[in-house]
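Participant: What follows is a single structure, and I will ask about it in a moment.
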Amino acid sequence: MTVLVTGGAGYIGSHTVVELQSAGYEVVVADDLSNAKADVIDRIETITGKRPVFYKIDCADKAALRGVFENHPIDAVIHFAGFKAVGESVQKPLQYYRNNLDSTMTLMEVMEEFDCKKFVFSSSATVYGPNNPYPYKEEMPAIQSSSPYGWTKVMIERILTDYVTAHPDCCAILLRYFNPIGSHESGLLGDDPNGIPNNLMPYIGRVAAGKLEKLTIFGDDYPTPDGTCQRDYLHVVDLAVGHLKALEYAREHEGVEAVNLGTGNGVSVMELVHAFEKANNITLSYVVGPRRDGDLPAFWADASKAQILLGWKATHSVEDMCRSAWDFARNSK
Ligand code: UD1
């Protein structure tokens, strides 16, 4: 079985390619490298002993995408490619809507041309918006977000749902991720954003490596046990395995399903900072600053549907996540 992984050189995509290849799938990666490095493909080869086929293309380029489908018998697509910086999306909404929606719809059109009916989509817990109570459950209304980035996820979920309603022999799995952190045990893959990181764990990694002076904790006056925000952090390898399980499900089923991928546990910023220090025997410099616009005090997953439907459950501890994140961060340039 051949799987096209768009955005397969990125953080979550690359870990998923490793799991797919290890499970015996043929993998074709399409990535424009706008937020990833080409040597990730070499690293995947080092880890798995097999080089995925790689196309440096933009998924909104229909002719290029057709070429991929002409050259390979693509049975299913896992779609990661997309812009993902929340703050940047507020500054450049048009760019986010154009890129994320165009690439998805172009991909869907080409899949239809080549009779490819299985789609796994990289969605986000951000689709639950600011008004749902937590833990978030899939049947809650997921029709709102707090940033243009998040709205692209809401819209793409809608587009896929409407498409599958019109083509009931297709299958789309909408994977709503909580907060993936950590890295592959080899230390060769990880979260290495260009520029100053927006997300907590890559920022912590750069502070620990001495590349950034100190972490700013965004607010300690939230209505949470220690005043800092709580999130559902999950190990990126667990998340990658979740994609494998979703693909296995999609192969056997039709219709559309939204599935949370999280641990079901809330961990605060302060708890994560201390867990990182303890797991790695490091002292992190940090200060408490003001709240960041748009942050919610707390949310985590009800992770039961993933277990029932896909047979998936997160297995790595917060300590595993912190140790592996540092293994990668201290080795990256
Ligand atoms: C955000 C997005 C989510 C997206 C994810 C990964 C929302 C509501 N969530 O999650 O959709 O998938 O990024 O791109 O838009 N923090 C600090 N200091 C820092 C950085 C972060 O204290 O320097 C805190 C934040 O306030 C937050 C927590 O750490 O409480 C996690 O932040 P982050 O890693 O950016 O993820 P989210 O905002 O939860």
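Participant: Let's see if you can work this out: charge +1 on each Lys and Arg Cβ, -1 on each Asp and Glu Cβ, no other charges. What is the dipole magnitude of segment 1-119 about its Cα centre, in debye to the nearest 20?
Facilitator: On the way: 12 positive and 17 negative charges, 56 e Å.
Once rounded to the nearest 20, the dipole reads 280 debye.
Participant: Still on this model: Summarise the accessible area of segment 1-95 (1.4 Å probe, protein heavy atoms) by the percent that is carbon and sulfur. Don't jump to the answer; show the numbers that get you there.
Facilitator: Values: 2020 of 4030 Å².
That share works out to 50 percent.
Participant: Roughly how tilted is helix 318-331, in degrees to the nearest 10 and between 0 and 90, from the longest Cα axis of the chain?
Facilitator: 80
Participant: Percent of Cα-Cα pairs per 20 Å bin, from 0 to the last occupied bin, for the chain, please list those.
Facilitator: Bin by bin from 0 Å, the calculated values are 32, 61, 7.
Participant: Okay, moving on. Calculate the spin-label point distance for THR315 paired with LYS56, positioning each point 7 Å from the Cα along the beta-carbon direction, and give it in nanometres.
Facilitator: Placing both labels 7 Å beyond Cα along the Cβ direction yields 3.7 nm.
Participant: Let me ask something else about it. Of all accessible surface on segment 149-227 at a 1.4 Å probe, what whole percent is carbon and sulfur?
Facilitator: C and S fraction of accessible area: 52 percent.
Participant: Now for a different question. Can you give me the angle between helix 93-113 and the longest principal axis of the chain, using Cα atoms only, in degrees from 0 to 90, rounded to the nearest 10?
Facilitator: 30
Participant: Full extension from ASP169 to THR2: what is 0.36 nm times the residue separation minus their Cα-Cα distance, to one decimal in nm?
Facilitator: Full extension from ASP169 to THR2 adds 58.2 nm.
Participant: Taking N as the number of residues in segment 132-216, what value does Rg over Cα atoms divided by 2.2 N^0.38 Å take? It would help to have the intermediate numbers written out before the result.
Facilitator: Values: Rg = 17.8 Å, N = 85, 2.2 N^0.38 = 11.9 Å.
In units of the 2.2 N^0.38 Å rule of thumb, it is 1.50.
Participant: Something else now. Round to the nearest 0.05 the FRET efficiency obtained for GLN91 and ASN281 when R0 = 41 Å and r is the Cβ-Cβ distance.
Facilitator: Computed FRET efficiency for GLN91 and ASN281 comes out at 0.60.
Participant: Same structure, new question: What number, in nm² with one decimal, is the all-direction average of the projected area of the convex hull of the alpha-carbon atoms of segment 106-148?
Facilitator: 4.2
Participant: Once amide H atoms are built 1.01 Å from N in the peptide plane, which residues 5 or more positions from HIS316, or in another chain, come under 5 Å H to H?
Facilitator: HIS235
Participant: Among all the lysines, which ones have a C-alpha under 28 Å from LYS153's C-alpha, if same-chain residues fewer than 8 places away are not counted?
Facilitator: LYS37, LYS56, LYS62, LYS84, LYS92, LYS117, LYS118, LYS137, LYS245, LYS305, LYS313
Participant: In addition: Which semi-axes, in whole Å and largest first, does the equivalent ellipsoid of segment 203-276 have when worked out from the alpha carbon gyration tensor as the square roots of 5 times its eigenvalues?
Facilitator: Numbers: eigenvalues 222, 58, 16 Å².
Taking √(5λ) for each Cα gyration eigenvalue gives 33, 17, 9 Å.
Participant: On average, how much accessible surface per residue is there in segment 224-292, in Å², for a 1.4 Å probe, leaving out ligands, DNA and RNA? Display every interim value, and only then the final one.
Facilitator: Values: 2820 Å² over 69 residues.
Solvent-accessible surface per residue comes out at 41 Å².
Participant: Mind ordering 259-269, 50-60, 280-290 by average Cβ neighbours within 10 Å, highest first? It would help to have the intermediate numbers written out before the result.
Facilitator: On the way: 259-269: 22.7, 50-60: 18.6, 280-290: 12.5.
Sorting 259-269, 50-60, 280-290 by mean packing, highest first, produces 259-269, 50-60, 280-290.
Participant: Please name which of PRO223, ALA172, VAL29 has its Cα lying farthest along the dipole of the chain towards the positive end, using unit charges on Cβ (Lys, Arg +1; Asp, Glu -1) and the Cα centre as origin.
Facilitator: With unit charges placed on the Cβ atoms, the residue in question is PRO223.
Participant: Here is a follow-up. Among the DSSP beta bridges whose two residues both lie in the chain, what percent are antiparallel, rounded to the nearest 5? Each step should come with its number before you reach the end.
Facilitator: Values: 2 of 41 bridges.
Taking every DSSP beta bridge with both residues in the chain, the antiparallel ones total about 5 percent.
Participant: For SER146 paired with ARG291, estimate the spin-label separation in nm (one decimal), with each label point 7 Å from Cα along the Cα-to-Cβ line.
Facilitator: Simple spin-label model gives 0.8 nm for this pair.
Participant: Can you list the lysines whose alpha carbon is less than 22 Å from that of LYS214, not counting same-chain residues fewer than 8 positions off?
Facilitator: LYS278, LYS333
Participant: Cα atoms only, segment 28-173: Rg and Dmax in Å?
Facilitator: 16.3, 47
Participant: Per the Debye formula with a single identical scatterer at each Cα and no solvent contribution, what log10 I(q)/I(0) holds for segment 57-115 at q = 0.18, 0.28 Å⁻¹?
Facilitator: -0.63, -1.15
Participant: Right, next: Suppose a student asked you for the relative contact order of segment 1-158, using Cα pairs under 8 Å spaced at least 6 residues apart; what percent would you report?
Facilitator: In percent, rounded to a whole number, it is 22.
Participant: If you count only protein heavy atoms with a 1.4 Å probe, what accessible area per residue comes out for segment 1-92, rounded to a whole Å²? Intermediate values should be presented prior to the final figure.
Facilitator: Numbers: 3750 Å² over 92 residues.
Normalised by residue count, the accessible surface of segment 1-92 is 41 Å².
Participant: Considering segment 151-273, what Rg and Dmax in Å follow from its alpha-carbon atoms?
Facilitator: Here Rg and the maximum Cα pair distance are 18.0, 54 Å.
The values are calculated or read from the model by the stated rules, or taken from the named source; none is laboratory data. Predicted, not measured: the structure shown is a model, and the values here were computed from it. Note: ideal-geometry Cβ built from the backbone for every residue, glycine included; neighbour counts use all protein chains shown. What goes into the accessible areas is simple: the full protein's heavy atoms, side chains included, and nothing from ligands, DNA or RNA. Shrake-Rupley method; radii C 1.70, N 1.55, O 1.52, S 1.80 Å.
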